[in-house]
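The values are calculated or read from the model by the stated rules, or taken from the named source; none is laboratory data. If you're wondering where the values come from, they're calculated on a predicted model, not measured in any experiment. Don't worry about glycine lacking a Cβ; one is built from the backbone with ideal geometry, like all the others, and counts go over all protein chains shown. Remember, those area values only see protein heavy atoms, side chains included, never the ligands or the DNA or RNA. Shrake-Rupley method; radii C 1.70, N 1.55, O 1.52, S 1.80 Å.
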Amino acid sequence: MAQAKRRIVVVGAGPGGLTAAMILAHRGFAVTVVERKSRVGGRNARLDLGPYKFDTGPTFLMMKQILDQCFAEAGADSGQLLEFTRLDPMYRLQFAKFALHATQDIERLKSEVACHFPGREAGVGRFMNYEKRRFEHMLPCLQKHYSTLGSLFSRNLLAVLPYLSLGRKVFDVLKGYFGEDELAISFSFQSKYLGMSPWECPGYFAMLAYIEYAFGVYHVTGGLSEISEKMAEQAVRNGAEIRLDTEVEQILLQGRRAVGVRLLGGEEIKCDDIVLNADFGDAMSRLIPPGVLRKYRPEKLAKKRFSCSTFMLYLGIDKELDLPHHTIYFADDYRRNVEDIFSHRGLSRDTSFYVRNATATDRSLAPAGHSAVYILVPVGNLRSPVDWAGETAGFRDLVVRRWCEKAGLGDLEPHIREEKILTPEDWRDDYRVYCGATFNLAHTTRQMVYLRPRNRFEELRRCYLVGGGTHPGSGLPTIYESGRIAANLLSRFHGVPFTSGNLNC
Ligand SMILES: Cc1cc2nc3c(=O)[nH]c(=O)nc-3n(C[C@H](O)[C@H](O)[C@H](O)COP(=O)(O)OP(=O)(O)OC[C@H]3O[C@@H](n4cnc5c(N)ncnc54)[C@H](O)[C@@H]3O)c2cc1C
C-alpha cells in the first residue's frame with residue numbers, strides 16, 4: 001500500500017479508466033474518476049430504451065482471462081461479480097449463398113469448411129498452428145509499456161520479428177491458408193474490430209481470428225456494459241470516488257507537468273498524476289492548452305490514420321426472433337463495400353452489417369416475447385463525404401430492409417417499438433470521439449507499439465494514457481491492458497509494490 005496517499009485523477013469512466021481506477025485504488029492511491037456522462041462505461045455503457053436494454057458498443061468479449069486478471073489485481077473475482085456465457089457457435093457468417101458457423105470445436109469447424117469448400121479444411125489446422133505461435137510471441141510485446149526507446153530492444157520484440165508477416169496484409173495471410181476468397185474473408189473480417197480493412201490491416205493481425213477460436217467469445221448477462229458497472233463498483237469499494245456528470249474542460253499544467261484538471265464550471269482538482277481515458281484524439285484537440293503539444297498538435301493529428309466509424313441501430317422489437325446471438329451479414333460485393341468505407345467514397349448501398357440478437361441468450365434484456373436487437377454498420381469516419389443529416393433516414397430504411405430480406409424475417413417495421421440511431425456525427429458530438437472514428441487511431445505498423453501514444457504520455461509529465469487510442473490498442477482486452485500498464489507504471493514511479501509482471505522492459 002502507498003505510504004502517503006498519492007492523489008490520482010482519472011479523466012473518463014470508460015473501460016480503460018475504470019481498470020486503472022480499481023487497481024490503483026486497491027493499491028492505496030486516492031483516486032477520483034471524473035466522467036462527463038451520467039453513467040459509467042463510455043462506449044461500453046448501457047443504453048436503455050423503454051423496457052429494452054442494449055450495449056452501446058462492445059458485444060464480443062474476447063480474451064476473458066485478461067479481464068479476470070485485472071479484476072484480481074483490484075482484489076476481486078470477476079466470476080463472483082459477473083455471469084459469463086461462452087457462445088458456441090461464436091457467430092454465424094452469412095454470405096449471399098451460404099452460411100458458416102464459427103465454432104471452437106475445431107473438428108466441427110473443419111466439417112463446416114469441407115461442406116462448403118471441399119478440400120480446403122486442411123487450412124484450418126495450418127491456420128490454428130501458425131497463428132498460435134504468432135500469438136504467443138506477440139502477447140508479451142503487447143503487454144509491456146514502451147515508455148523508453150530502450151524498451152524497443154527487448155528479447156521479446158526481437159523474437160517476434162519473424163512473425164510479423166511484414167509487407168503482407170491480413171487478407172493475404174488468410175488467403176494463404178485457405179485459398180478461397182470467402183474463406184479468407186471468414187477469418188479476416190475481424191480486422192473490422194480494429195476499424196480497418198482486411199486488405200490494409202497489417203498481416204500479424206491474422207491472429208485475431210485465432211484468439212477467438214482459441215479462447216472463445218463471451219456474453220455477460222445483462223450485457224457487456226455490466227463489466228464497466230462492476231468495475232466502477234469495485235473501484236468505489238476500494239476507496240475511489242466517481243463523479244458523474246462532471247466534465248473536464250482542461251488539464252492544468254505547470255510547464256509540461258500535469259498538476260490537475262479544471263472542470264466545466266471552474267472547479268479545479270489538484271493531483272499528483274492524471275490518467276487520461278477520454279478519446280485520445282478528442283482529448284488532444286480539446287483538453288490540453290494550445291501551444292503545448294508537439295507530436296500530437298492538431299495539424300499533426302489531422303495527418304494520422306483513424307479507424308472507420310459505425311452507423312448504429314438499436315431496436316426494441318415486440319417479437320421473439322429466431323436468430324443467433326451474433327450474425328455477420330456480408331455485402332454481396334464485400335471488397336467493394338470495404339473500399340467504399342476505407343477509401344472514403346461514401347455510403348455503400350450493398351453494405352455489410354452485424355446483428356446482435358442477445359435476447360437469444362439473455363432474457364434479462366427485453367420483456368418476455370420481445371427482442372433487443374443491435375445492428376452495427378461499418379461506415380467511413382467523418383473524413384468521408386457523407387451528408388448524415390440528409391442520408392440517415394434513407395440509410396436506416398435500407399439497412400432494416402436488407403436485414404429483414406437476408407434473415408427471412410418478413411416486414412418487421414410494425415413490430416419496432418423502440419428505436420435509436422447513432423451516426424458518426426453522434427459519436428463525435430455526443431460521445432466525443434475524434435472524427436467519429438469509433439475504433440480510434442488506426443492500427444497501422446506506424447501507429448503501433450512505440451509509435452502509438454504511450455501509456456506514460458511522452459508529451460506531458462505525470463500524465464498517463466489509457467483507452468483504445470493508446471498502446472496496446474482498441475479492443476476491450478487491450479484497453480484493459482492499457483489500464484493495467486498505466487497502474488503499474490504509476491505504482492512503480494511512486495514505489496508502491498505490485499505483483500503483475502507486465503513491466504519487463
Ligand atoms: C460500436 C462499437 C462496437 C464495439 N465492439 C467491440 C467488441 O465487440 N469487442 C471489443 O473488445 N471492443 C469493441 N469496441 C471497442 C472498445 O472496446 C470500446 O470502444 C471501448 O468502450 C473503448 O473504451 P475506452 O476506455 O477507450 O474509451 P470510452 O469507452 O470512449 O470511454 C471514455 C470515457 O471518457 C469520458 N470523457 C471524455 N471526455 C471527457 C471529459 N472531458 N471529461 C470527463 N469525461 C470525459 C467519456 O464520456 C467516456 O465515458 C467497440 C466499440 C464501438 C464504438
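With viscosity set to 0.890 mPa s at 25 °C, what whole-number translational diffusion coefficient in µm²/s follows for segment 18-165 from Stokes-Einstein and a Kirkwood radius over Cα pairs? Don't skip to the answer; put the middle values down first.
On the way: Rh = 19.8 Å.
Diffusion coefficient, whole number: 124 µm²/s.
On the full set of protein chains, 1.4 Å probe, figure out the accessible area of ARG363 and give it in Å² to the nearest 10.
Accessible area, nearest 10 Å²: 100 Å².
How high is the FRET efficiency between ASP88 and ARG155 when r is their beta carbon distance and R₀ equals 35 Å, given to the nearest 0.05? Spell out each step's value before the answer.
Values: r = 37 Å, r/R0 = 1.06.
With R0 = 35 Å, the Cβ-Cβ based efficiency is 0.40.
Report the gain in length on full extension from SER111 to ARG256: 0.36 nm times residue separation, minus Cα-Cα distance, nm rounded to one decimal. Working shown, then result.
Working: separation 145, 0.36 × 145 = 52.20 nm, distance 5.92 nm.
Between SER111 and ARG256, full extension yields 46.3 nm more.
Carbon and sulfur atoms: what percent of the 1.4 Å accessible area of segment 308-434 do they account for?
Details: 2170 of 4830 Å².
C and S atoms contribute 45 percent here.
For GLU241 and TYR450, compute 0.36 nm times the residue count separating them, minus their Cα-Cα distance, and round to one decimal in nm. Write down the numbers at each step before the final one.
Working: separation 209, 0.36 × 209 = 75.24 nm, distance 3.23 nm.
Net length gain for the segment: 72.0 nm.
May I ask you to list, by number, the DSSP H helices of the chain whose Cα span along the axis is at least 27 Å and whose average Kyte-Doolittle hydropathy reaches -1.0 or more?
Working: long enough: 122-143 (32 Å, -0.58); 388-407 (28 Å, -0.42).
Long hydrophobic helices here: 122-143, 388-407.
According to a simple spin-label model (label point 7 Å from Cα along Cα-to-Cβ), what is the distance in nm between ASP411 and ALA393?
Output for this residue pair reads 1.9 nm.
Report the antiparallel proportion of the DSSP beta bridges in the chain as a percent, rounded to a multiple of 5. It would help to have the intermediate numbers written out before the result.
Details: 48 of 67 bridges.
Once the DSSP bridges in the chain are tallied, antiparallel ones form about 70 percent.
Could you go through segment 81-97 in sequence order and give the Karplus-derived ³J(HN,Hα) for each residue, using 6.51 cos²θ - 1.76 cosθ + 1.60 with θ = phi - 60°, rounded to whole Hz, and x for Gly and Pro?
Values, residue by residue: 8, 10, 10, 9, 10, 7, 8, 9, x, 5, 6, 10, 9, 9, 9, 4, 10 Hz.
What are the ³J(HN,Hα) couplings of segment 47-62, residue after residue, when phi is run through the Karplus curve with 6.51, -1.76, 1.60 and θ = phi - 60°? Round to Hz, x for glycine and proline.
10, 9, 10, x, x, 9, 10, 10, 8, 5, x, x, 10, 9, 9, 10
Taking the radius of gyration and the Kirkwood hydrodynamic radius from Cα positions alone, what is the Rg/Rh ratio for the chain, to two decimal places?
On the way: Rg = 22.1 Å, Rh = 23.2 Å.
Rg divided by Rh gives 0.95.
For segment 106-215, what value does the Rg/Rh ratio take when both radii are computed over Cα atoms and Rh is the Kirkwood radius, given to two decimals? Show your work: numbers first, answer last.
Numbers: Rg = 15.0 Å, Rh = 14.7 Å.
We get a ratio of 1.02 for segment 106-215.
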